[in-house]
1. Could you tell me how many of the residues in segment 93-107 are buried (at least 16 other Cβ atoms within 10 Å of the Cβ) and touching a residue at least 24 places away in the same chain (Cβ under 8 Å)?
2. Just name the residue that is modelled with the lowest pLDDT out of those in segment 55-83 that are over 30 Å from residue 125 (Cβ atoms) and among the polar types (S, T, N, Q).
3. Restricted to segment 169-181, and to residues that are in contact with a strand residue (DSSP E or B) (Cβ under 8 Å, 6 or more places away or on another chain) and not in a helix (DSSP H, G or I), which residue is farthest from residue 39 (Cα to Cα)?
4. Looking at segment 180-199, I want the residues that are free of Cβ contacts under 8 Å to residues at least 24 places away in the same chain and under 19 Å from residue 112 (Cα atoms) and have a partner that is surrounded by fewer than 17 Cβ atoms within 10 Å (Cβ to Cβ) and of a type outside the set (Lys, Arg) with Cβ atoms under 6 Å, at least 6 apart or on another chain. Which pairs are those?
5. Which members of segment 192-206 meet the condition of being in a loop (DSSP other than H, G, I, E, B) and either over 26 Å from residue 125 (Cα atoms) or more than 17 Å from the chain's Cα centre (by Cα) (or both)?
6. Looking only at segment 119-131, which residues are exposed (fewer than 14 other Cβ atoms within 10 Å of the Cβ) and assigned to a strand (DSSP E or B)?
Amino acid sequence: MPFSTLNRRSAGALAAAALALLFACAAPDSEEQDRNWTESADLIATSDRIVLAQFVESRQETVQLVDSDSGALAGETEILFRQFEISETVKGTTDPGDLLWVAFDAGRDGELVNGEGDVRDFGGSNTYVLFLKGRLRPLEYPPEFGSVLWTGNGEPAFAELVGDGLEFRAERQYLDLLRQEGRNLPDRLSAAPFALTLDELRENAG
């Protein structure tokens, strides 16, 4: 979801670069971010952590930008944080019961849509599957947030668990691109060009 190295390049230029990467065939190295996936295996392989979790709260915060070369403060930006309570870790080291903050980049409102383009809010009683990256961005987060992960693995990064199936949510831009490319959605309520069950996820992430 986030796509900018905030102290170097414009959001517009990086947005264009992110779109160009949408249908990349090869999975990137773990240090690369901002790819968008059309194959579930690539999404799973490039996520640092995959967790099942319940939504807790959202907060909008002003955070400091840090120059990646000098380490000096280089301005500030608004970040949307969402907190989740972990119920199961499929990949990574997060423990059940941990509270985890996930950051959404400046200039993006964090709205996620389903396969029909309807905005889907996070509900506390639902279980979500998150595909997350460790933060590589030059930012200073408030210390009370602790370890913050990033949605920087690209789209889709969030799914709601419905039965054993994952109904993916994504930003509308990604859904529009899929349609422009003529890619069908196997589940009209899931904003992903692939279907994935929880059992398949556990098997492929093991």
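The values are calculated or read from the model by the stated rules, or taken from the named source; none is laboratory data. If you're wondering where the values come from, they're calculated on a predicted model, not measured in any experiment. Positions of Cβ are backbone-derived with ideal geometry, glycine not excepted, and every protein chain shown enters the neighbour counts.
1. The number of residues fulfilling the criteria is 8.
2. Selected residue: 68.
3. 171
4. 186/195
5. Across segment 192-206, the qualifying residues are 193, 195, 206.
6. 119, the sole residue that qualifies.
A quick yes/no check of all residues on (1) over 18 Å from the mean Cα position of the chain (by Cα); (2) at pLDDT below 90; (3) part of a helix (DSSP H, G or I); (4) surrounded by fewer than 18 Cβ atoms within 10 Å (Cβ to Cβ):
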position: 133; (1), (2), (3), (4): no, yes, no, no
position: 155; (1), (2), (3), (4): no, yes, no, no
position: 167; (1), (2), (3), (4): no, no, no, no
position: 183; (1), (2), (3), (4): yes, no, no, yes
position: 190; (1), (2), (3), (4): no, no, no, no
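So that you can scan it fast, the table gives a plain yes or no per residue for (1) buried (at least 17 other Cβ atoms within 10 Å of the Cβ); (2) at pLDDT 85 or above; (3) farther than 16 Å from residue 141 by Cβ:
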| residue | (1), (2), (3) |
| --- | --- |
| 10 | no, no, yes |
| 33 | yes, no, yes |
| 53 | yes, yes, yes |
| 85 | no, yes, yes |
| 89 | yes, yes, yes |
